[in-house]
Every structure is written in structure tokens, then in C-alpha cells.
Amino acid sequence: MTQPKNKVVIFLGPPGAGKGTQAERLAAEQDLVKISTGDILRDHVQRGTDLGQQIKPMLDAGQLVPDDILIALIRDRLADMEGVRVIFDGFPRTRAQAEELDVLLEELGAPVNHVPLLEVPDELLIERIVERGRQATASGGSGRSDDTEEVARKRQDVFREQTQPLIDYYGARGHLKRVDGVGSMDEVYTRILDGMK
Ligand code: ADP
């Protein structure tokens, strides 16, 4: 089956909703490139780049990194692509990022196609994140330094304040599909695919 040249999917949902895992699978099955801003930023921190040193305190505190930094990263990432077949995981996270992304995608002739919103109740989210932090520590890795209960709660607050408005933004454009994020990975994945039909 030939894939259309351009396809843009944006995964919305609070921290701990499972966006990364689901996006990974969708990317593999539909020949899309997953762009996870969390991964890109953590990679800078690990490599100790100038940017990494600048943003580490923000990541550790569960705060957002400034919009202009994110927008420059995404602009670079999209610049060298031929067809734009991407899934964004963790971007956009603010209205300014969403507006800038629309400008970029317009320039590239690749408008947004789908915006699944993974919905999971708050308490379950904190539980999942703290568990992820525990398992990482137990397996000997240092894990993500932002996976503690305190920082997880901060990340939920930031989501409510900064990212929740994007639900209306994409809802108004007819792209948003609410997906129940409670259940097995397979169940949730099937719901995501159904929402994209
Ligand atoms: P989460 O599990 O909280 O969804 P991510 O891996 O997506 O985590 O992001 C981790 C951290 O990276 C965020 O708490 C924030 O500090 C930073 N970050 C990631 N994406 C963005 C973005 N689009 N805008 C601003 N900051 C971001």
C-alpha cells in the first residue's frame, strides 16, 4: 500500500498518559517519524550541550522550556525532511507553539491531520509516573530525574494551565479525537486507530 506523502499527527495528553509508547507504535506501523521533544531535550542534557545546561533546571522542576527554543528545534527537525510524515509527542505544549507549528506546516504544505487526546484520570497519572521512576531506579539506571511525585504533580499543573487550552484550539479546527487512555496498551492503541478513521 502506498502511503500518502504527508501526514501529521499530534498526540495530546497529560504527562504519564502513555503518549510516547503509543506514538512509537503508530510511527513504526505507519512509517511516520516520531518527534518527541522530551527525548530531544533530555538528550541535550545528557550530552551536556550549551542548551542542555541551560534547560536542565527547568526539566528538573517540571517547568516548560521557553517557546522560542522549542520552535527553533522543531523548525530544524522539519527542515531536512522530504515528505512530512510525523507524529509529535510532547509538542506543541502552549498556544504559541501550536500557532507557530501551524505556520511551519503551512509553509511545508503539510497541515495537521489528526490530534488524538489521551484521557487518563489524574491520580492514575501520578501513580504511573512515580512507578516509572521507581522501576528505573530499581533496575540500576538513574531514570528520569523528573519522575518523582512532587515534580509529577507540578507537570500536571503545567499541563492544566498551558496545554489544556490546546484541546479547544484543535477542537475548533475539527482535528481532536478524545481517546480513553485507561486499559491495556493494545486496547488504547486500537481506540487511537479507530479515532483516526
Ligand atoms: P512528560 O512525561 O511530562 O509528558 P516529556 O518527556 O514530554 O514528559 O517532557 C519532559 C519535560 O521536557 C517537560 O516537563 C518540559 O520541561 C520539557 N518539554 C518537553 N516538551 C516541551 C515543550 N513542547 N515545551 C516546553 N517544554 C517542553
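The values are calculated or read from the model by the stated rules, or taken from the named source; none is laboratory data. Given the structure is predicted, the values throughout are model-derived calculations rather than measurements. Cβ coordinates were reconstructed from backbone atoms using ideal geometry, including for glycine residues, and neighbour counts include every protein chain displayed. Side chains are part of the model used for accessible areas, which takes the heavy atoms of the whole protein and leaves out ligands, DNA and RNA. Shrake-Rupley method; radii C 1.70, N 1.55, O 1.52, S 1.80 Å.
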Residue list for region 143-190, restricted to those being out of contact with any strand residue (DSSP E or B) (no Cβ under 6 Å at 6 or more places or on another chain) and basic (Lys, Arg): ARG144, ARG153, LYS154, ARG155, ARG160, ARG173
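Would you call PRO116 within 16 Å of the ligand (Cβ to nearest atom), at pLDDT 95 or above and touching a Lys or Arg at 6+ places or on another chain (Cβ under 6 Å)?
yes
Residues checked against (1) in a loop (DSSP other than H, G, I, E, B); (2) buried (at least 19 other Cβ atoms within 10 Å of the Cβ); (3) not aliphatic (A, V, I, L, M):
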residue	(1), (2), (3)
VAL115	no, yes, no
ARG128	no, no, yes
GLN135	no, no, yes
GLY140	yes, no, yes
GLU161	no, no, yes
LEU166	no, yes, no
TYR170	no, yes, yes
ASP186	no, no, yes
Kindly establish whether ARG25 is assigned to a helix (DSSP H, G or I) and either more than 14 Å from the ligand (Cβ to nearest atom) or on the phi > 0 side of the Ramachandran plot (or both). yes
Failed condition for GLU106, given (1) closer than 16 Å to VAL9 by Cα; (2) more than 15 Å from the chain's Cα centre (by Cα); (3) part of a loop (DSSP other than H, G, I, E, B), with all others met? (3)
From ASP43, ASP60, residue being assigned to a helix (DSSP H, G or I) and touching a Ser or Thr at 6+ places or on another chain (Cβ under 8 Å): ASP60
Which ones in region 39-75 are open to solvent by less than 20 Å² (accessible area, probe 1.4 Å) and within 10 Å of the ligand (Cβ to nearest atom)? LEU41, ILE55, GLY62, VAL65, LEU70, ILE74
The residue that is farthest from LEU32 (Cα to Cα), considering only those in region 76-103 that are assigned to a loop (DSSP other than H, G, I, E, B) and within 13 Å of the ligand (Cβ to nearest atom), is THR94
